[in-house]
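The values are calculated or read from the model by the stated rules, or taken from the named source; none is laboratory data. Everything numeric here is computed off the predicted structure, so don't read it as measured data. We place every Cβ from the backbone using ideal geometry, glycine too, and count neighbours over all the protein chains shown. In case anyone asks, the SASA skips ligands and DNA or RNA and just uses the protein heavy atoms, side chains included. Shrake-Rupley method; radii C 1.70, N 1.55, O 1.52, S 1.80 Å.
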Amino acid sequence: MCSVAGYIGKNYSKSFILEGLRRLEYRGYDSAGFACLSPSDGRLLYAKTQGRLICLEERLNQFPIDGFLGVGHTRWSTHGSSARLDNAHPHFDCEKTIAIVHNGIVENHHELKKQLIEYGHVFHSQTDTEVIAHLFETMLATHVTFKGAVISLVARLEGAYAFVCIVQQYPDQMLLVRRHSPLCIGIGDDEMFVASDPIAFADKTKKIVFMPDESIVIAHKDVLEMYDFSGASSAIVPQTVEYDWRTDGKKDYEHYMLKEIFDQRTAICATVGFLRSNMDHIWDQLSIWADSITQLQCIHLVGCGTSWHAARMAQFFFETICKIPTRVHLASEFRCMPFFAEKNAIFIAMSQSGETADTLAALRIVNESGGMPTIGLTNVDSSTLMREAGGFLLTQAGREIAVASTKAFSTQLTVLYWLAHFIALQKGMISDGQLEQAEEELRTCAQVLENAVEEYKFEIIHTHAPHYAQYERAIFLGRHISYPFALEAALKLKEVAYIFSQCYPAGEIKHGPLALIDKNTPVFVFSHQDELIYRKLLSNAQEVKARDGRLAVFAFEGQQELICLADVSFVVPRVKPLLGQLAMTGLMQFFVYAIAKELGRPIDYPRNLAKALTVE
Ligand code: M6R
C-alpha cells in the first residue's frame, strides 16, 4: 500500500513527481524513491531513501538526477522490512534497465520468485514488487513486441496491483497496469501525468482517465494506448474533473491533528449546511435505491477503524430515530462472511479516504451481487469510493492530513445523525421542523465540542498529559453508544501515543477484565446521558474503584456521583442524548493528542501507519 507517480512528456519529470508524491504521502511514508531516464545518454538513473519524502528530496538536492520520463513512489511496507533500503521502490530487473513502482500485493510472488531464481535472476529485496521487474525482463526477452510481453506478464501476476514501469530500451513510453488498486492518468499538452490519486496532478490538468479495472496503458507523451488483460484495445474516455488539492496547511498549530481537532466545529456546521442544501439530491438517491424509502427494512454500514466506530455509533441513530434495524460490518471481515442480498435494504460504505481496500472490496461484493443499492460516505470527492458506489454522501471536513482521524469521524457522525432524521421525515415520523431542529442540535453540539476542549486544554497539557503519559496500558469502558466511542478513544491512544489500550463494554468487565485492574492501569469511563445507562455505568465504575483502580471519567453535567468517584473527571454540558459522545469527541481527542505530545511521538505520522490503507 503505497503511492505511485509517473511522468512522460516535454518537461523534466522530477518536480512533478516530488510534488505529486508529497500530496500522496498519506498513502505511506516508510521510504521514497525516484527513477528516470537520463536525457544525455538514456541510462536509467535512480535514488531511494528510507523514511519520509523529505529525505528523498534532500538526497536529490545533493545528487541531482532528472529526465523526461520518470517514476516515483512512497511506501507503506507490506513485504520486506521498512528498515532495509533495498526494499524501497523503484525495483529493477537484473540489468537495471527496467524500473517499477508498485502499489498492491502480488499474491503469488513467492512461487514466481522461486522460478525466477532457478532461471538465474538475482534479487536484492524482500519485496513482492521485485518479481514484476524480473518477470518483465524475461517476457521482454522472449516476446517480439512490448505489448505481447506485457500481456504475458499480467497473465502471470495474481493479487491486486497498480504499477508504473519505465524501460531503458523504450524511452518514448511508460507502462501502466491496474488490477484492483487505483491508477489514473492526467492528460496534458504533450505530457502525461500518472498517479494513484488525481490530486497529484490536479493543478496540471483537468482531463483525467481513471484506468478501468484490469487494464493496461502504454503511455506516450501525446497519446495513450489502452488494452484489457487479453490484449484487446479499449476506448479511452477522459473525464473533465476539477479537484481541489490544496490544503490550508497547519496554520499556527503545531500539528495537523491539533488543527483538525479545532476544525471540527466548522466542519460539522459546514456538513449540516451541505446536507440541507443538497436535500433534493439525497432524496433522489435514496428513492432510486430503495424501492421506496418508506419500505426500507434494513441499513447496512461497513467500514474500518475509525469509520467502523462511527458506523457502530450511527447504528443507535438509525435504530432510535427512524427505527430501522441496522447492521454494522467490519469491512476486513465482510469478505470472509457469506453475503445475503436483501430487498428493501441499503448498504452504506464509509471511508474518510474513500480508498480503503477492505471497504472497497466489501462494496464490490455488494455491487457485483446486484442485489442491493450502495452509497459511499466519504470525505474525498476524488476517491475510488465515490466512483464505485451507486450514490454518495459527502462529509465537508476539508482535507484531513493527520493519520489519526478526527474531523472525519465527527462529520461522519453528523451525516448519519442527519440522515436518520431525514429518513424519519420521509417516513412521516417527524416533521420538517424537527429535521431543522436536529440540524440545530448538531450545530449546538459542535459548539459544545469546541468549548469543552478550550475549557480543559490548559489542565490537560499541564496536569493530566504528564500523568497519563507514564502508564504503559489503559482500559476504556462505555455502554450503549458510549461503548463504540470508547473503542474509538482506545484506538486513538494506541495509534498516536503507542500506549496499549483495551476497550470493553462496561458491563463485561466482571466477566474477566476486572482481573487486570491495578494501580498501573488507568480506567477511562465514558458516560451516557440516559439515566438508566448512567446508573449502570456508575455501578461498573464503582466495581473498578472497589479494586483500587485509577478512574478517569468523561461525564455530563450533573453526574455528581460518577464525578466524585473518579480520580479525574472531564465534564461536558448536556446535549441531545444521542449526541453526547459527539460533544465529548474533541476533548477525548485532545486528551490523547496531549499524551502523545508529552511522549514526543510523531503525532501526524505515527510509525507503521498510513492515512489510506489500499491493501487488504
Ligand atoms: O479512510 P478510512 O476511513 O477508510 O480509514 C479507515 C481506517 O484506516 C482509519 O479510520 C484508521 O483507523 C485511522 N487512522 C484511525 O484514526
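Assorted remarks:
- Annotation: of all residues in segment 83-105 being touching a Gly at 6+ places or on another chain (Cβ under 9 Å) and at pLDDT below 90, the one that is farthest from I132 (Cα to Cα) is D86.
- Considering residues of segment 522-533 that are touching a helix residue (DSSP H, G or I) at 6+ places or on another chain (Cβ under 7 Å) and not in a loop (DSSP other than H, G, I, E, B) only, the residue nearest to P484 (Cα to Cα): F526
- The condition of being under 28 Å from R607 (Cα atoms), open to solvent by 20 Å² or more (accessible area, probe 1.4 Å) and in contact (Cβ under 8 Å) with a residue 12 or more places away in the chain holds for only one of Q447, Q502, that being Q502.
- Matching entry among R276, R265 (being under 30 Å from K407 (Cα atoms), in contact (Cβ under 8 Å) with a residue 60 or more places away in the chain, under 24 Å from the mean Cα position of the chain (by Cα) and open to solvent by 70 Å² or more (accessible area, probe 1.4 Å)): R265
- For segment 121-156, a residue qualifies if it is free of Cβ contacts under 8 Å to residues at least 60 places away in the same chain and open to solvent by 50 Å² or more (accessible area, probe 1.4 Å), and the qualifying residues are V122, H124, Q126, A141, T142, H143, V144, T145, R156.
- Lone unmet requirement of (1) in contact (Cβ under 8 Å) with a residue 12 or more places away in the chain; (2) more than 16 Å from the ligand (Cβ to nearest atom); (3) open to solvent by 10 Å² or more (accessible area, probe 1.4 Å) for R601: (2)
- Checking each residue in segment 211-263 for being outside any helix (DSSP H, G or I), acidic (D, E) and in contact with a helix residue (DSSP H, G or I) (Cβ under 7 Å, 6 or more places away or on another chain) picks out only D263.
- In segment 577-588, the residues that are closer than 12 Å to I481 by Cα reach residues that are among the hydroxyl-bearing types (S, T, Y) and part of a helix (DSSP H, G or I) with C-beta atoms within less than 8 angstrom, at least six apart or across chains, in these pairs: L578/T320; L578/Y417; L579/Y417; G580/S482; Q581/S482; L582/S410; L582/T414; L582/Y417.
- Search result, residues across segment 290-318 that are within 16 Å of the ligand (Cβ to nearest atom) and in a helix (DSSP H, G or I): G305, T306, S307, W308, H309, A310, A311, R312, M313, A314
- Put simply, of F409, F476, F458 the only residue that is within 16 Å of the ligand (Cβ to nearest atom) and without any contact (Cβ under 8 Å) to a residue 60 or more places away in the chain is F476.
- The single condition from (1) open to solvent by less than 30 Å² (accessible area, probe 1.4 Å); (2) assigned to a helix (DSSP H, G or I); (3) closer than 23 Å to R473 by Cα that Q542 fails is (1).
- Among the residues of this structure, L609 counts as one that is surrounded by fewer than 22 Cβ atoms within 10 Å (Cβ to Cβ) and within 16 Å of the ligand (Cβ to nearest atom).
- Check on V553, open to solvent by less than 10 Å² (accessible area, probe 1.4 Å), assigned by TED's automatic domain parsing to the domain that holds G478 and in a helix (DSSP H, G or I): no
- In segment 30-54, of all residues being open to solvent by less than 20 Å² (accessible area, probe 1.4 Å) and within 22 Å of the chain's Cα centre (by Cα), the one that is nearest to E400 (Cα to Cα) corresponds to L53.
Let's see how each residue does on (1) within 35 Å of the chain's Cα centre (by Cα); (2) not in a helix (DSSP H, G or I):
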{"position": "N520", "(1), (2)": "yes, yes"}
{"position": "L538", "(1), (2)": "no, no"}
{"position": "A594", "(1), (2)": "yes, no"}
{"position": "K597", "(1), (2)": "yes, no"}
{"position": "G600", "(1), (2)": "yes, yes"}
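- Residues located in segment 396-410, provided they are open to solvent by 10 Å² or more (accessible area, probe 1.4 Å) and polar (S, T, N, Q): Q396, S405
- Any chance G370 is touching a residue at least 24 places away in the same chain (Cβ under 8 Å) and either within 13 Å of the ligand (Cβ to nearest atom) or in contact with a His (Cβ under 9 Å, 6 or more places away or on another chain) (or both): no
- Identity of the residue in segment 17-29, touching a helix residue (DSSP H, G or I) at 6+ places or on another chain (Cβ under 7 Å) and assigned to a helix (DSSP H, G or I), that ends up farthest from A47 (Cα to Cα): R23
- Looking across L377, L413, L419, one residue alone is closer than 25 Å to I321 by Cα and surrounded by fewer than 24 Cβ atoms within 10 Å (Cβ to Cβ). It is L419.
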